[in-house]
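What follows is a short report on a single structure.
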Amino acid sequence: MILNYLLKSQELRNIYVLNESYNGFKMLLDKTCFAEFKNFFFKILGPLLFTTSILSIFFQHFYNLAAASETTSLMYQAMAAILSWFSGIIGTLIMGYGVAKISDSKESITSFFYYYFRDLLIETLRAMGRVSLWFLLGILTLPTIYWGFKFLYRGFRTAICYYFISYVVLFDDDYKQGKKDALMECEKLFKDKLLLTFGLLLLTQSIIFVLELIGVSHNIYTSPFVWIVLFLITMAIESFIFLFFYKYYQERKKICH
């Protein structure tokens, strides 16, 4: 009887997980998301094209300097990683500005950057520090097996939840008024949907990774036309993914509050 109960429970759990995954991936193809995307993308295309072009020229020059200087290549690589992360925050702010604009915000892009840049930077660093701490504890206690895997799981869980830090910083009114902690809010919203959220992140980030891998062999100097085409395709897909996860975040917020 106990075995039959366990088998039935596992079967029901598998059906539930498959149903949740199906609903989540179906959201990715939601018609309303596509309908809003066109308006959203053209509002951010200009700022994205401008900033990405400037950053691409800067990075290309930076990498040329790194290649010419063998003695300080490690320092250049570290600086390049920091600058790449920094440019990612800028891209997030531009896409957040696009979401604000389709919500009839009257705020200019400069004031939007001024208002949110510091908070987004601080909360991102907090999230990175906490995730790194859990993984470090997991590695250090790995010989104990139980505590090692427990800490590693906690790091994995928080890494998934903290992906939505930018949405809390940019779109949560309670956070803006100092009533919420961004990290705690992310865990509250997504800790019960780890499998579904991980599946969505794995799919979307794999697509972005493949596009960026293709774009590595082209730059704005050697093949400007190919670079522009790849840029438009990559930015369109990344923008759609940002808009999709914004809708997913809003849905979780309605359910959990």
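The values are calculated or read from the model by the stated rules, or taken from the named source; none is laboratory data. Treat the numbers as computed from the prediction; the structure is a model and nothing was measured. A quick note on method: Cβ atoms are made from the backbone with ideal geometry, for glycine too, and the neighbour counts reach across all protein chains shown. Each accessible area value is taken on the protein alone, full model and side chains, heavy atoms only, with ligands, DNA and RNA left out. Shrake-Rupley method; radii C 1.70, N 1.55, O 1.52, S 1.80 Å.
Descriptive notes on the structure:
- If you sort Glu212, Glu251 by accessible surface, 1.4 Å probe, largest first, the order is Glu212, Glu251.
- The listed residues Trp85, Trp147, Trp134, once ranked by accessible area (1.4 Å probe) with the largest placed first, stand as Trp147, Trp85, Trp134.
- Number of Lys-Lys pairs in the range 127-224 with C-alpha atoms under 20 Å apart and a separation of 8 or more places or on different chains: 7.
- Between Ser111 and Phe50, the contour length at 0.36 nm per residue exceeds the Cα-Cα span by 20.2 nm.
- Asp173 sits among other residues whose Cβ lies under 10 Å from its own Cβ, and their net charge, with Lys and Arg +1 and Asp and Glu -1, is +1.
- Extension gain, Lys179 to Ile89: 0.36 nm times the residue separation minus the Cα-Cα distance gives 30.0 nm.
- Net length gained if the chain between Ala81 and Ile145 were fully extended (0.36 nm per residue, minus Cα distance): 19.8 nm
- Measuring only protein heavy atoms, the 1.4 Å probe finds Lys188 accessible over about 90 Å².
- Counted by Cβ distance under 15 Å from Ser87, the other residues give a net charge of -2, where Lys and Arg count +1 and Asp and Glu count -1.
- Derived scalar couplings ³J(HN,Hα) [the range 169-186; Karplus, 6.51 cos²θ - 1.76 cosθ + 1.60; whole Hz; x for Gly, Pro]: 4, 8, 10, 9, 5, 5, 5, 4, 8, x, 8, 9, 9, 4, 5, 5, 5, 4
- For the range 145-160, Karplus couplings with θ = phi - 60° (6.51, -1.76, 1.60), whole Hz, Gly/Pro x: 6, 4, 5, x, 6, 5, 5, 5, 5, 4, x, 5, 5, 5, 4, 5
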